[in-house]
1. In terms of modelled amide H atoms, which long-range or inter-chain residues lie less than 5 Å from the amide H of Asn261?
2. Is there a pair in Lys111/Lys268; Lys107/Lys316; Lys146/Lys221; Lys58/Lys221 whose C-alpha atoms are over 29 Å apart, and which pairs would that be?
3. By its C-alpha gyration tensor, with a ≥ b ≥ c as the square roots of the eigenvalues, how is the stretch 45-146 shaped: rounded for a/c under 1.5, else prolate for a/b larger than b/c, else oblate?
4. Need one number for the stretch 269-415: average projected area of the convex hull over its C-alpha atoms, nm².
5. Put a dot 7 Å past each Cα toward the Cβ at Met25 and Leu367; how far apart are the dots in nm?
6. Quick check: residue separation of Val346 and Phe244 times 0.36 nm, minus the Cα distance between them. What number comes out in nm?
7. Which residues' amide hydrogens lie under 5 Å from the amide hydrogen of Phe18, considering only partners 5 or more residues apart or on another chain, with H built in the peptide plane?
8. Restricting to the chain, compute how many DSSP beta bridges are antiparallel as a %, nearest 5.
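The values are calculated or read from the model by the stated rules, or taken from the named source; none is laboratory data. Being a predicted model, the structure only gives us computed values, none of them experimental. Glycine gets a Cβ as well: all are built from the backbone with ideal geometry, and neighbour counts include every protein chain shown. The area values use the complete protein model at the heavy-atom level, side chains included, leaving out ligands, DNA and RNA. Shrake-Rupley method; radii C 1.70, N 1.55, O 1.52, S 1.80 Å.
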Amino acid sequence: MGKTVAEKIFSGKCGKEFRAGEVVMAPVDGAMIHDITGPLAINVFKEMGGKKVFDPKKIIMLFDHQIPADSIAAAENHVMMRNFAKEQDIFNYDLKEGVCHQVVPEKGRVKPGDIVVGSDSHTCAYGALGAFSTGIGSTDMAFVLKFGALYFRIPESIKVEVSGSFQRRVGPKDLILGLAGDIGADGATYKCLEFCGQTFAEMDMSGRMTCSNMAIEMGAKAGIVPPDRVTWEYLKNRCETEPFLLNADEDAVYFEKRSCNISSLEPKIAVPHNVDNVVDVSEVAGRKVDQVFIGSCTNGRYEDFKEAAEVLGNDKFSNDVRVIIVPASKDEYLKCLKGGLIELFVEAGALVEAPCCGPCMGGMFGLLAPGEVSLSTSNRNFRGRQGSTEAEVYLSSPATAAASAITGVITDPREV
Ligand SMILES: CC(C)[C@H](C(=O)O)[C@@H](O)C(=O)O
Ligand code: SF4
């Protein structure tokens, strides 16, 4: 009986043949903590009698949710984490690099076959690199900081085979929103989504990151794209690793197999207040928007901004819309800067902010008033996610966000 990718990763790391459903204590290759969840993990680590972390080189520390500190409490958290980093000899990216899920892959801190945990739900994003990565709670993280391992129940997998090529101005975000709509917010609970097929083979790393990032929005434990040429190319100058194969076996056993063809996929949008409330953009076209946010760990890369810029062309953003653009990392920011995109967006009327989570979680800035509508390229549209519980958040691709920011109403990007 063959194995899924998740079964292969756990078997490989634990040095024994394991199957879905089994519970294992697995070593972790990387553990990410950020400014919101890090302090609790550190406090619990100390309460547990933790003196030295298991391996400072495997701990990835950075600040992205509340930077520069937006409250005294945030500033205190930062100080506490900085002190911990010094005391434990952990390299701290601090607030200089950007959003965790962009920075971890960018800095080569995750590679195919790794088991990586992060105290953030979208840690599943690194599945784009062929790793088994998942979000864990801060108390589990305290255990990981001390022991470098964690109990996992190896998940069953759902094979998602996608074929076909995207139409103009339709892309990975539309695909993953469509899948969230089909699978549902709890349709993949504790499963591993195994993404494969022609569409994924042809997708760049940025698009894969968008898809893996949103696995948790279907309840999935992980969302893996098996490593291939695109993966090794991405990692070439980021970390020391040699290409190897990590595909599922032909006769692997799945919880479920899904397949779809995206050749006629329409631009998708998640309407308030759930991520699986997905419709074609044309169904809600014409609704007024007050704010458009292009950024986040889901869609804050150069490729996303390029997509938005192509829709924008020589146009300007509507005067009635606040357009907030936030590259997900310093590297992505610099690519945009060198590519002339920052100037283009600023001239068109956008507010371009330095790399951070931005208005995604509604904590730092860009909050909505009651009755206001936001269109966001991020991953969650829960009630109150970006400010008032009486506001509405829609989720879309960068192309749809840019088209709507120009017209001031939800707009199908193929019409601009
Ligand atoms: C703050 C953090 C715990 C949270 C998460 O886990 O996802 C945040 O990043 C989010 O996107 O809601
Ligand atoms: S950008 Fe949004 S989804 Fe991503 S880590 Fe930050 S708050 Fe969470």
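1. Sorted by chain and number, the residues that satisfy this are Ser163.
2. Values: Lys111/Lys268 31 Å; Lys107/Lys316 35 Å; Lys146/Lys221 23 Å; Lys58/Lys221 21 Å.
Correct reply: Lys111/Lys268; Lys107/Lys316.
3. Since a/c reaches 1.5 but b/c is at least a/b, the shape of the stretch 45-146 is classed as oblate.
4. 7.3 nm²
5. 4.5 nm
6. Stretched fully, the Val346-Phe244 segment lengthens by 32.4 nm.
7. Ser11
8. Antiparallel bridges: around 20 percent, rounded to the nearest 5.
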